[in-house]
Amino acid sequence: MNRARALARRLGNTFPGSDIALWAAGATYFGVIGLVPLAMVALWGVGALAGPGRVTTAMEAAIGGLPGGHGTPEALRTLAAVSLSMAWWQALVVLFPASLYGEGLRRAFVQMSAARDRLTGWRGRAGLLGVAAVAPFLVLVVLGAAPYVGPLYAAGGWSLVWGVVVAFHVVWVTLSTALLAVFGLVGPGRLGRRALVLGAFGTGSVLAGFLQGFLLFLAIPIEWSAPFAGLPVVGTVSALALWLYLLHILVLCGFRATVVLDEVLTARDR
């Protein structure tokens, strides 16, 4: 109980004095540059592990359960086709813009931590390469569950409810594992193992629910281009950037909670 109060007190004293919205916006900017290349590298790696045919089949099963509006199926098919057709040297080239995402995350994480940091950009990029190394295995798990979950989403009713439950847990475990790598490799300083695991899986649970909400957002029959006089590209980019911005606010809050939890646990062990 005392540790919980100390954690809540420190978290309460953190955010009023830090412009988390600004750091989340900066991380979002780097994410716009690096997330698609990171996804391409991950899909290319899955294709090397399981074969392009299996990846395409699993992707179609996943697409079958998603809302069909806003061009989502076509975008995912194009992403998968281009990623699977890359040569090994193209995958290496794509790693460069993907690594920029690590720089953006680390610069934001530095603002959430008291740890001193040098060569922030390069360390962030190097840490992101470690995340990219495990990403294909995590994507493989998600695609492996797609042939089971996709039809449940498409069936509706109680099947949809069960599909949401299964999808939540699959995404929770894979996202939390990715956050373990992100907090541990990209984040500044050294976090204790207990705080790292608790913080990553706690943040992962929130993000898993957030992504389920994003699927609901995709199903709403409202044109994203409506606030921009019908310009489709502007509407799509703005809507996705907004969701990415909100996601990074959650990630930064989760990292800060992990840092504070590590401080509380470390003080208790002394």
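Looking only at the range 52-70, decide whether some residue is at pLDDT below 90, assigned to a helix (DSSP H, G or I), surrounded by fewer than 16 Cβ atoms within 10 Å (Cβ to Cβ) and touching a Ser or Thr at 6+ places or on another chain (Cβ under 8 Å).
Taking every residue of the range 52-70 in turn, none turns out to be at pLDDT below 90, assigned to a helix (DSSP H, G or I), surrounded by fewer than 16 Cβ atoms within 10 Å (Cβ to Cβ) and touching a Ser or Thr at 6+ places or on another chain (Cβ under 8 Å).
Can you report the number of residues in the range 241-270 which are at pLDDT below 85 and in a helix (DSSP H, G or I)?
Number of matching residues: 7.
Any residue in the range 215-233 that is part of a helix (DSSP H, G or I), β-branched (Val, Ile, Thr), farther than 29 Å from Phe183 by Cα and at pLDDT below 90?
For the range 215-233, residues part of a helix (DSSP H, G or I), β-branched (Val, Ile, Thr), farther than 29 Å from Phe183 by Cα and at pLDDT below 90: present.
Given the options Leu79, Leu95, name the one that is part of a helix (DSSP H, G or I) and over 30 Å from Arg190 (Cβ atoms).
Every option except Leu79 fails the conditions.
Listed here are the residues, each with its yes/no results for (1) β-branched (Val, Ile, Thr); (2) farther than 19 Å from Cys253 by Cβ; (3) surrounded by 20 or more Cβ atoms within 10 Å (Cβ to Cβ).
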{"site": "Thr120", "(1), (2), (3)": "yes, yes, no"}
{"site": "Val139", "(1), (2), (3)": "yes, yes, yes"}
{"site": "Val171", "(1), (2), (3)": "yes, no, yes"}
{"site": "Val186", "(1), (2), (3)": "yes, no, yes"}
{"site": "Arg193", "(1), (2), (3)": "no, yes, no"}
{"site": "Gly209", "(1), (2), (3)": "no, no, no"}
{"site": "Gln212", "(1), (2), (3)": "no, no, no"}
{"site": "Leu215", "(1), (2), (3)": "no, yes, no"}
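Working carefully through the options Ala108, Ala80, find the one that is buried (at least 21 other Cβ atoms within 10 Å of the Cβ) and closer than 30 Å to Val149 by Cα. It would help to see each step written out before you state the result.
On the way: Ala108 fails: closer than 30 Å to Val149 by Cα.
Just one listed residue meets the conditions, Ala80.
Is there a residue being in contact with a helix residue (DSSP H, G or I) (Cβ under 6 Å, 6 or more places away or on another chain), surrounded by 14 or more Cβ atoms within 10 Å (Cβ to Cβ) and over 18 Å from Trp44 (Cβ atoms) anywhere in the range 86-99?
Checking the range 86-99: not a single residue is in contact with a helix residue (DSSP H, G or I) (Cβ under 6 Å, 6 or more places away or on another chain), surrounded by 14 or more Cβ atoms within 10 Å (Cβ to Cβ) and over 18 Å from Trp44 (Cβ atoms).
Looking at (1) in a helix (DSSP H, G or I); (2) of a type in the set (A, V, I, L, M, F, W, C); (3) over 16 Å from the mean Cα position of the chain (by Cα), which is the one condition that is false for Ala115?
(1)
Based on this model, can you work out whether Leu7 counts as part of a helix (DSSP H, G or I), of a type outside the set (Val, Ile, Thr) and at pLDDT below 90?
Yes, satisfied.
Could you tell me whether Gly144 is surrounded by fewer than 16 Cβ atoms within 10 Å (Cβ to Cβ) and either without any contact (Cβ under 8 Å) to a residue 60 or more places away in the chain or over 15 Å from the mean Cα position of the chain (by Cα) (or both)?
The answer is yes for Gly144.
The values are calculated or read from the model by the stated rules, or taken from the named source; none is laboratory data. Model, not experiment: these values are computed from the prediction. In this analysis, Cβ positions are derived from the backbone assuming ideal geometry, glycine residues included, and neighbour counts consider all displayed protein chains.
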